[in-house]
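Remarks on the structure that follows.
The values are calculated or read from the model by the stated rules, or taken from the named source; none is laboratory data. Everything quoted here is computed from the prediction, not taken from an experiment. Here Cβ is always computed from backbone atoms with ideal geometry, including for glycine, and neighbour counts include all displayed protein chains.
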Amino acid sequence: MHLLENIRESLQAIRVNLLRTVLTALIVSIGILALVGILTAIDALQASLTNTFSSLGAGTFDIRAKGYGNWSRFDGKVAKVYPPVSWVQGRAFQAQMARQGLRVSLSARVAGALRVAANGLKTNPNMRVVGADENYLAAQNLELGAGRGFSARELQSGANVCVVGSEIATTLFKGRPPIGDYINVLGQRFQVVGMLARSGSSMKGTGGDRQILVPLLCANRLPRQQALTYDLKTMVADPARLDYAMQQATGTMRAVRQDRPGQEDSFEIERANSFLEDLNELSSSVRGAGFVVGFITLLGAAIALMNIMLVSVTERTREIGIRKALGATSRQIRQQFLIEAIVICLLGGALGVVLGVLAGNAVTVFAGAGTFIVPWLWMGLGLAICVTVGLLSGYYPAAKAARMDPIESLRYE
């Protein structure tokens, strides 16, 4: 028998035992579904998070006071806490970096978990007030959906004006841009001059949808439980110069904070893409764990397939004897059963790959990522594994069939 004839005979045997073939293929498809589904879900979630972090700006870095608000103990000792970045220090750093051609956004979180009221309506207590300067929108990659940002006069005087997130407009003003209207927050009345464009959600994040931005000088006057600590975000036009700019910023901030020579930095500096690096390391670990889970599932499918093929060899003992009596060689008999095992695996694998891609992306939809990807690598890997499983699971039954004595096989009942 030639190879094509062997393939035809294998397909004929599959059609004759259709129910058994379908059940065996489903076992394989479950293993491939687990493997491809887990890996697809991990890649889709990683892609969503990567887009989220990248939207914060690849050429930016943040500076905050080191250990501020951190009172954790280690070996019975209180971790050292440095003073927060003050208004004067923030402005001095901003001015010095501007002379070096770098834009710096100075901001401060005033309060969180607040209610905002207007028109007799109130929001949920999940809004936050942020004091912002003229560079805040660009640094945070936020866009205006309506109205305008703060004018120079409003920033200098600390006027009671604000820019609100889209969720506030939806809740209090039925979705219309509330430009010129007033809202009440922290016991004060603010006029709305701008509304942020909807940033959407990624992994249940809300971006700027729940923010109320006020001028920094106005933020200094608002009631609060403790002094404000200011955050600095520096924007670098050329991401290739980010490392050099960070070194400049470190030296400038040490001078502004009056850190003595030999003393550790009293502040923390972190680049935006450091989140991506941590994310990639975490994803690699989770992907490895997912591969192990999928491999274990496939191992069970391989054992089940081998068992089914052994049963098939036993049932077709007389058929094997007839073929050998008609001149079929041991190599051709072995080839026929191997082809049959591989075809069954490919049928189950194709179904498993399709279901795995759909299941993996469905996980991201439920998680709120909303990123659909087609993992060609994992699809190809899944089909390659199917062929390998077919070879490994079918070889022993095929070799057993090839070793059968034709005379003994013809006597088999």
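Data overview
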quantity: Pair list, Cβ under 6 Å, 6 or more apart: region 275-303 residue under 15 Å from residue 42 (Cα atoms) and modelled with pLDDT under 75, other residue buried (at least 16 other Cβ atoms within 10 Å of the Cβ) and among the aromatic types (Phe, Trp, Tyr); calculated: 276/53
quantity: Residue within region 332-349 that is closer than 13 Å to residue 399 by Cα, at pLDDT below 75 and not acidic (Asp, Glu) present; calculated: no
quantity: Residue 266 being over 21 Å from residue 98 (Cβ atoms), under 34 Å from the mean Cα position of the chain (by Cα) and at pLDDT 75 or above; calculated: yes
quantity: Residue satisfying all of: in region 139-160; surrounded by 21 or more Cβ atoms within 10 Å (Cβ to Cβ) and among the hydrophobic types (A, V, I, L, M, F, W, C); nearest to residue 199 (Cα to Cα) among these; calculated: 142
quantity: Every pair of residues 6+ apart whose Cβ atoms lie under 6 Å, when the first sits in region 122-149 and is closer than 21 Å to residue 224 by Cβ while the second is of a type in the set (Gly, Ala, Ser) and surrounded by fewer than 16 Cβ atoms within 10 Å (Cβ to Cβ); calculated: 125/113; 128/112
quantity: Condition met for residue 262 (without any contact (Cβ under 8 Å) to a residue 12 or more places away in the chain, of a type outside the set (Ser, Thr, Tyr) and farther than 23 Å from residue 61 by Cβ); calculated: yes
quantity: Candidates 116, 129, 185, 163 - the one that is modelled with pLDDT of 90 or more and closer than 28 Å to residue 237 by Cβ; calculated: 163
quantity: Subset of region 240-264 (residues that are surrounded by fewer than 16 Cβ atoms within 10 Å (Cβ to Cβ) and basic (Lys, Arg)); calculated: 241, 260
quantity: Among the candidates 107, 199, residue that is in a strand (DSSP E or B) and surrounded by 19 or more Cβ atoms within 10 Å (Cβ to Cβ); calculated: 107
quantity: Positions within region 85-104 being surrounded by 18 or more Cβ atoms within 10 Å (Cβ to Cβ) and assigned to a loop (DSSP other than H, G, I, E, B), in sequence order; calculated: 85, 102
quantity: Failed item in (1) within 17 Å of residue 108 (Cα to Cα); (2) without any contact (Cβ under 8 Å) to a residue 40 or more places away in the chain, with residue 188 passing the rest; calculated: (1)
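Yes or no, residue by residue, for (1) free of Cβ contacts under 8 Å to residues at least 12 places away in the same chain; (2) charged (D, E, K, R); (3) more than 18 Å from residue 218 (Cα to Cα):
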site: 87; (1), (2), (3): no, no, no
site: 93; (1), (2), (3): no, no, yes
site: 97; (1), (2), (3): no, no, yes
site: 105; (1), (2), (3): no, no, no
site: 115; (1), (2), (3): no, yes, yes
site: 119; (1), (2), (3): no, no, yes
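So that you can scan it fast, the table gives a plain yes or no per residue for (1) crowded, with 23+ Cβ neighbours inside 10 Å; (2) in contact (Cβ under 8 Å) with a residue 12 or more places away in the chain:
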position: 319; (1), (2): no, no
position: 325; (1), (2): no, yes
position: 330; (1), (2): no, yes
position: 336; (1), (2): yes, yes
position: 340; (1), (2): yes, yes
position: 345; (1), (2): yes, yes
position: 348; (1), (2): yes, yes
position: 352; (1), (2): yes, yes
position: 356; (1), (2): yes, yes
